[in-house]
Every structure is written in structure tokens, then in C-alpha cells.
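Structure first, then comments.
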Amino acid sequence: MVSLAPKKHRYMKTIKALAAFVLLAVTQVHAQDYWTRIPAFSNKPYYENDEFMNKLEAYREEIAAKIDAEKQKIQQKMDAMSDQEKMQMAMKASTRYQTMKPEEIMKMQQESQEIMALQTQVQQQATDFENRFNEIQKAMDDELNKTLGPIEAEYNKLPDGEGTPSWAIEKGKQLYTQYNQKYEAICAKYITGTNALFVKWLLEYKTYLIQTNLPFQLKWMAYQSSQTGMAITTNAAIEMDVVKTYLEHCKTVFNYRKPSPR
């Protein structure tokens, strides 16, 4: 059980925390719907000259810049505070428990237990998603190696270099045509098809982020603010960071395609 009883050195820790965080009015989460601007998934099996990747990276960089801007606002607010103001805020946060009634202390302890339990659940779900991602990635790797490996091995046995016979050149073309067709079929199964396994994972992961992860992070921030008397970030920054996480997973998936045909 997390103790919320006051400690003599609590305000000193709070002062140190103020070096990085500051009291800041919380903005509305849905001031902007960051999710609607995520580009539609590409159905191309190769990532070279794929405009989707350019749009995805441009939006990821835009989100990252906005997150940095939110952090700068917090730092500017912090820099504008005097040492006396920081001390007063720290003292207020550290002594607030001394005036609380026993039932209020018990209520806060219960809230602490509940949010810690919720944190464990959310983290477990995140771990489950990452495990599933790794399983899909391994399955695709295994299928690519099993299907394309023999074709590549056969190609490598052909005569090569100056004076290569015409039959070998023609056979090489046939093998690479076969290689590309097999690869594109596997790519559709895992990445570019309507029911592709990675696409399904991304859509389910997005739902988890919006419905579970983001609400928890907002609740956690509100809880921390109620304990310390200061908001360590903004709702907008939290949501943008969740969107950025999703964009990075999208980038990982679609970068897993081959750059161009053989």
C-alpha cells in the first residue's frame, strides 16, 4: 500500500521535481483530433517512391515538434517562477495532508491502490500487443525465408559475369519474376492486403491506445497533479505522444516491405 502520510522531506523532493515540471493549466484533450490526419495505409508492396511513407514521416515529425513546443511552454513557465514561488508551492504540496481528515487519507490511499492496479493492467495489455507484434514479424520472416530462400539459392547457382549464356540470363529473369510474385503475395498477407495481419494488429493497437492507454495516462496525470499540486504535462502533449507512438509502429510495419522488385 502506498502511504500518503506527510514526510518532513516531502517538500524538498517537490522542489527538486519543480526543476523539470511546473504547474500548468491543463488543455482540453480533444481541442484537435490528431488521429484523423494519419494517412491511409499503403497497398504497395515496395516502399521506394511510396508517398504514404513521406506523409507518415512528415506527420510524425510535425507531432514531435508540437510535443517539444508543449515541453518548452512548461519550461518557460518554470523559468518565470521565482525561488520563493517554487518554495511556496512545494510547501503547500508537502503540508496539505496535515489538514486532511482520516477518512480523506484513507480515500486517497484507496485511489492510489486503484490507479497502481490499473497501471499494471494497462502495462500488461501493452506487453501483450508487443508480443503479438513480434509473433507476426517472426511468422513473416519464416515465410519469406522458406518461400524466397530456395528461389534465391537457385538464382545464385546460375552462371554470372561477363559472357553469361543467354539461357542463364533468361532463367534469372524467370526466377526473379517468380521471386517478386511470391514476395508480393506474402506482403499482401502480412502488410498490404485488406485483411493483412499487421494491418489488423495496427487497427487493434490504435483502439487500445485510444480507449485504454490514453485515458489511463490522463487519469495518471490528474492523480499526480492532485498529489503534488502541479501538472507535469498537458492533456494535448499526452495525446500527441500516444499518436506519435502509433505513427512509429506504422512506420516500422511499412518499412518492413522490400524497397523495390528484384
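Bear in mind these aren't lab numbers, they're just calculated from the coordinates by the rules spelled out. Owing to the predicted nature of the structure, the values given are computational and were not obtained by experimental measurement. Neighbour counts run over all protein chains shown; Cβ positions are idealised from the backbone, glycine included.
Residue exposure proxy: ARG257, ARG262, ARG60, ordered by other Cβ atoms within 10 angstrom of their Cβ from fewest to most, comes out as ARG262, ARG60, ARG257. Our coupling estimate for segment 165-182, obtained by passing each phi through the Karplus curve with A = 6.51, B = -1.76, C = 1.60 and θ = phi - 60°, is x, 4, 5, 5, 4, 5, 5, x, 4, 5, 5, 5, 4, 5, 4, 5, 5, 5 Hz, Gly and Pro reported as x. Amide H contacts of THR233 (H built 1.01 Å from N, in plane; Pro and chain starts excluded): no residue 5 or more places away or on another chain comes under 5 Å.
From the square roots a ≥ b ≥ c of the eigenvalues of the alpha-carbon gyration tensor of segment 143-222, which class results: rounded (a/c under 1.5), prolate (a/b over b/c), or oblate? Note, shape of segment 143-222 comes out prolate.
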